[in-house]
Amino acid sequence: MQTSIVPSARSLSLLVVVLLSVQGCALEAKDAPAPALETVAVVADQTPVKAGDKVVATVEKGRRFGVLARRGDGVEVQVCVGNDIVRGTLPTSAVKFLTDADVDLAAEWLKMAKDLNPKLDLPAYRAKLDALVDRVAAAAAAGKTPREQARLIGVQLFQREKLIHAGSQKRLDLLLDVALGDCFSFSLLYLCIGQRLGMPLCLVAAPKHAFVRYEARGERFNIETTEE
């Protein structure tokens, strides 16, 4: 089984690719691209995304994309155009390659949630997400080892927060409203908690599944994020 290991903050790249396939931008599994491992931010105003010589979309300054491939003096990305996912190229001169320090995973997850639900109240949901992450991080901080912290995260999420594994539910607003999510959304939640704790977690993406991995100072273990 092939897996892709994605450092915590750089999981934004994979998040971009996966969430483009949700709600209104349906992408058949057989056509799904390999997970991206680089993330870029658009630094120029009204930047065209081109497929060959044709402009397929224009994107605003500040938009972030997972890179599917580098193409000469450009980077290949995916954008939603109506109900379609379109591949195109952004000029390298118009983007900045992001490092872990550049990415607030929670903020990016919320922005993408708003793309899927335009009525989303971003400040209100940021407050809800921060409150959840704070509660879980506080509970996990009592652990004296990384394994114990990981166990306490699961206890808090599934015993006290009452999270429920539900099919392919990737939307953050539904996770926060009704505690439903899937392996990918729960894994992203773990990464947000890990960032708050300073815990070096990374996303592991396998066919039809995702989980997280702790790896630091010679210790390495996997965390199944859909159960306690």
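Laboratory data are not the source of any read-out in this text; all were calculated from the coordinates shown. Worth saying up front: this structure is predicted, and the values here are computed from it rather than measured. Note that each Cβ is placed from the backbone with ideal geometry, even for glycine, and that neighbours are counted across all protein chains shown.
Mind checking Rg over Rh on the range 46-85, alpha carbons, Kirkwood formula for Rh?
Details: Rg = 10.2 Å, Rh = 11.0 Å.
Taking Rg over the Kirkwood Rh, I get 0.93.
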**Message:** If I histogram all Cα-Cα distances within the range 92-228 using bins 5 Å wide from 0, what percent of pairs lands in each bin?
**Reply:** 2, 10, 19, 23, 21, 14, 7, 3, 1, 0
**Residues in the range 99-132 that a label on R160 would reach, taking backbone N under 18 Å of a point 7 Å out along Cα→Cβ** = 128-132
**Item:** Pairwise FRET efficiency - V55 versus R151, Cβ, R0 = 35 Å, nearest 0.05
**Value:** 0.10
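Order of T47, T58 from fewest to most other C-beta atoms within 10 Å?
T58, T47
So what is the relative contact order for the range 37-136, in percent, with contacts set as C-alpha pairs under 8 Å and at least six apart? Display every interim value, and only then the final one.
Numbers: 144 pairs, mean separation 23.0, N = 100.
Rounded, it is 23 percent for the range 37-136.
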**Request:** Would you mind checking which residues have amide H under 5 Å from A69's amide H? H placed 1.01 Å from N; only 5 or more apart, or other chain.
**Result:** E76
**Debye equation applied to the C-alpha atoms of the range 154-228, log10 I(q)/I(0) at 0.14, 0.17 Å⁻¹** = -0.42, -0.61
**Complete:** Going from the fewest other Cβ atoms within 10 Å to the most, one would list F158, F65 as F158, F65
